[in-house]
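Right, I'll just put the structure down here and ask away after.
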Amino acid sequence: MNWRDPEARGAGHDFMADLPEQLFYMVYQVHRRREIAIEQVLKDANLTMALWRALLTVHRMEPCTMNELARWTSLERTSLTRTLDQMEDQGLITRTTPPKDRRQVVVALTPAGHEAYQRGYSAVTAWNRAALDGLPTDQLAALKTALDHILTSAMDDKTLARDIVEFDFRPRPHQA
């Protein structure tokens, strides 16, 4: 089907703008409305969205370097440093410098960081599941495939795009 042809779209498929523009408008709306809602549910876990993103990424990659964290969170180094400063002040992370390479900073979660992750994860996944409730699995899979394609097309760093698309989101158990 040609999305530009009103005849081909048929009834019930009227778009207020060209389909690509409306699609990205809707992606933005979903993203922004989700962030607002997630900020509210994270308050109970004493987290902000910025803290949650960093906490989630450190948990998934632990231990990780600042460079890895910046790459995976898409945060600028100054914003990331401020976020990590807050996390360290709250006792959620530790930052160490390996003796072999004093230029690197390695980030790991503390026991309190793992507890905060679990509280945040429960809140976020509950919201995500409620938002997607009623969508058939095949539609979710098709949406994931479409978003994978869009992300890969939009990114210059194809290796990072592939890594993001293939990232394993299953929670890892904490090893004390």
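Identify, from the list G120, G113, the residue that is at pLDDT 90 or above, touching a strand residue (DSSP E or B) at 6+ places or on another chain (Cβ under 9 Å), of a type outside the set (S, T, N, Q) and open to solvent by less than 60 Å² (accessible area, probe 1.4 Å).
The match here is G113.
Taking the stretch 103-120, which residues are in contact with a Lys or Arg (Cβ under 7 Å, 6 or more places away or on another chain) and under 11 Å from L55 (Cβ atoms)?
Scanning the stretch 103-120 gives a single hit, V107.
What are the pairs, 6+ residues apart or on separate chains, where a residue within the stretch 123-152 that is among the hydroxyl-bearing types (S, T, Y) has its Cβ under 6 Å from a residue that is open to solvent by less than 60 Å² (accessible area, probe 1.4 Å)?
Pairs that qualify, where the first residue is among the hydroxyl-bearing types (S, T, Y) and the partner is open to solvent by less than 60 Å² (accessible area, probe 1.4 Å), are T152/A161.
Filter the stretch 26-64 down to the residues that are touching a strand residue (DSSP E or B) at 6+ places or on another chain (Cβ under 6 Å) and at pLDDT below 90, then identify the one that is nearest to Y121 (Cα to Cα).
Filtering the stretch 26-64 for residues that are touching a strand residue (DSSP E or B) at 6+ places or on another chain (Cβ under 6 Å) and at pLDDT below 90, the one nearest to Y121 (Cα to Cα) comes out as E62.
Pick from R71, R103, R82: which is open to solvent by 20 Å² or more (accessible area, probe 1.4 Å) and closer than 23 Å to D163 by Cα?
Sole residue among the options that is open to solvent by 20 Å² or more (accessible area, probe 1.4 Å) and closer than 23 Å to D163 by Cα: R71.
Spot the failing condition for E88; the list is (1) over 26 Å from R34 (Cβ atoms); (2) touching a residue at least 12 places away in the same chain (Cβ under 8 Å); (3) open to solvent by 40 Å² or more (accessible area, probe 1.4 Å), and only one is missed.
If we test E88 against (1) over 26 Å from R34 (Cβ atoms); (2) touching a residue at least 12 places away in the same chain (Cβ under 8 Å); (3) open to solvent by 40 Å² or more (accessible area, probe 1.4 Å), just (2) comes out false.
Continuing with the same structure: Could you tell me whether T159 is at pLDDT 90 or above, out of contact with any Gly (no Cβ under 8 Å at 6 or more places or on another chain) and among the β-branched types (V, I, T)?
no
The values are calculated or read from the model by the stated rules, or taken from the named source; none is laboratory data. Quantities reported herein were computed from a predicted structural model and do not represent experimental measurements. With ideal geometry, Cβ positions are generated from the backbone for all residues, glycine too; neighbour counts draw on all protein chains shown. These area figures cover heavy atoms from the full protein model, side chains too; ligands, DNA and RNA do not enter into them. Shrake-Rupley method; radii C 1.70, N 1.55, O 1.52, S 1.80 Å.
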